[in-house]
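Written out below as structure tokens is the structure these notes cover.
Since every read-out is calculated from the coordinates, none of them should be taken as a lab result. Note that this is a predicted model, so its numbers are computed, not measured. Quick reminder, even Gly has a Cβ in these numbers, built from the backbone with ideal geometry, and neighbours come from all protein chains shown.
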Amino acid sequence: MTLFPFATGYRTATRHGFVLLGIGGGLLSPALAQRGLETYLENARQTSPLIRDNQNQLQGNALEAERLRAFYTKPLVQLTGGVQVAPIFSTDQGGVRPELNSNGATNYYGYDLAVSNGGLYQGLINVNQPISNLFRAKAFAEPFVVASQIGQAVIRLGQHDVERIVTDQYILCLQDRLQVQYTDSLLRVLTEQRGIVQKFVESSLLKQSDLTLVDIETQTQRNLRVGYQTAYRRDVLELNALSGIADTTLVDLTPLNLTISADIGSSESGFTRRYALDSLALLAQQTIFNLRYQPQWNFIGNAGLNTSYLPALPRRFGFSAGVSLVWTLYDGHQKRLNNQRTALLQQSFGNYRRFILTQNSVRRERLRGELRGLDERLGVFRQQIAGYESVLASYRRELLQGQLSIINYITVLKNMVAVKRDALLIQSNRQLLINAYNYYNW
């Protein structure tokens, strides 16, 4: 059978109007548990690795923004220490005598005392505090704030895609079940007619071949029923796989009736939200780039031990303090070039946004046209089915009076079966089209 290819979208479900098909029960035992679309959708949202990964990214972005605020506004306190010795070998008094900290040797082997002074001994606590840097902290944290918003948009889009796929699969499962139920109702009709034909055969009003024809058609429908049941179980297991449900038992799916959501028109779409956020992220990066042209002041201080002469170590504890300045005055007009680049990239984001809005608007109009066509076809099918049912009612009376061949009755019955089956497929395709429309109308 040919169905509308996997489309998209989702909405809440109620009982669907398959009354024209005359469908009865017979597929599932009342003991089987019922499960609705929302159960599958919720489980798919909870188990999707892509959605969970983006949720972790959101938390990571929040932590990185907090780290940057601490980096640009909080003091950096560090403990540093070091011991470096540079002994010499003095020859001032004859011979060669090692000295760890020389008291003024003139003839010696080793590093120049004016450079090393025999070693270096340090133990300092250093403090570096950015001054008036809150605006800088906000600027560096802003890309991660925007990244979190982008992540939220990606999560919503991921959920939207998951819901589209799961809903499509749910509709296909319902189609399989409805075909089984319809075949069951047809088998009940054939069983009833077989009893009538059996009596006429026993009364020699009909031939044994007429009864054989009824049995052959019954076997055909039973064979189709087995195929539909197999397809239903296969598609339910695929639905479980798409939803992340580790269950292989057969369930009874509740009916579904999707409705078209209100047209969003030319307003902002969930598909274009990402481009608006990408533009904000670009502006945030430009703001960070422009910070290099602002003066950056830092308070610097340290306290502790700092000496190069070991014997004077007890008297060399002290402290120092000061400020540092970094200010870029010229870099070859990089600021102007970066601003031009940002403007060009924003134009690209705007082009993508307008293209998506136009594309989805055209798709929605196409789907509305297809839905109108299906509704017209369903109207024609209803008229055909009503005509077939009227003919079959007349044929039954003639059959009971022995005035009609069973071949004619079965031929008309099979024709009506084909029309009803086509109507069922159109009903399923209609649900898929609505699902697609709601997906693009988001």
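Using the structure shown, decide if Gly301 is among the small types (Gly, Ala, Ser), surrounded by fewer than 18 Cβ atoms within 10 Å (Cβ to Cβ) and either touching a His at 6+ places or on another chain (Cβ under 6 Å) or under 30 Å from Gly350 (Cβ atoms) (or both).
Considered against the rule, which asks whether it is among the small types (Gly, Ala, Ser), surrounded by fewer than 18 Cβ atoms within 10 Å (Cβ to Cβ) and either touching a His at 6+ places or on another chain (Cβ under 6 Å) or under 30 Å from Gly350 (Cβ atoms) (or both), Gly301 comes out as no.
Assess whether Gly350 counts as being at positive phi and under 26 Å from the mean Cα position of the chain (by Cα). It would help to see each step written out before you state the result.
Working: at positive phi: no; under 26 Å from the mean Cα position of the chain (by Cα): yes.
No; evaluated as a whole, the condition is false for this residue.
Would you confirm, using the coordinates I've provided, whether Val362 is closer than 30 Å to Asn126 by Cα and either touching a residue at least 40 places away in the same chain (Cβ under 8 Å) or part of a helix (DSSP H, G or I) (or both)? Give the derivation first.
Details: closer than 30 Å to Asn126 by Cα: no; either touching a residue at least 40 places away in the same chain (Cβ under 8 Å) or part of a helix (DSSP H, G or I) (or both): yes.
No: the conditions fail for Val362.
The rows are residues; the columns are (1) farther than 16 Å from Arg233 by Cα; (2) touching a residue at least 12 places away in the same chain (Cβ under 8 Å); (3) of a type in the set (Gly, Ala, Ser).
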{"site": "Ala153", "(1), (2), (3)": "yes, yes, yes"}
{"site": "Asp161", "(1), (2), (3)": "yes, yes, no"}
{"site": "Arg164", "(1), (2), (3)": "yes, yes, no"}
{"site": "Tyr170", "(1), (2), (3)": "no, yes, no"}
{"site": "Leu174", "(1), (2), (3)": "no, yes, no"}
{"site": "Ser185", "(1), (2), (3)": "yes, yes, yes"}
{"site": "Arg188", "(1), (2), (3)": "yes, yes, no"}
{"site": "Gln193", "(1), (2), (3)": "yes, yes, no"}
{"site": "Val201", "(1), (2), (3)": "yes, no, no"}
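From Leu277, Leu310, which residue is closer than 30 Å to Leu157 by Cβ and touching a residue at least 24 places away in the same chain (Cβ under 8 Å)? Walk me through it before giving the result.
Working: Leu310 fails: closer than 30 Å to Leu157 by Cβ.
None of the others qualify; the one that does is Leu277.
Which members of segment 303-359 meet the condition of being of a type in the set (D, E, K, R) and within 27 Å of Leu100 (Cβ to Cβ)?
Arg315, Arg316
Does Gln384 qualify as being assigned to a helix (DSSP H, G or I), more than 18 Å from Asp215 (Cα to Cα) and in contact with a Phe, Trp or Tyr (Cβ under 8 Å, 6 or more places away or on another chain)?
no
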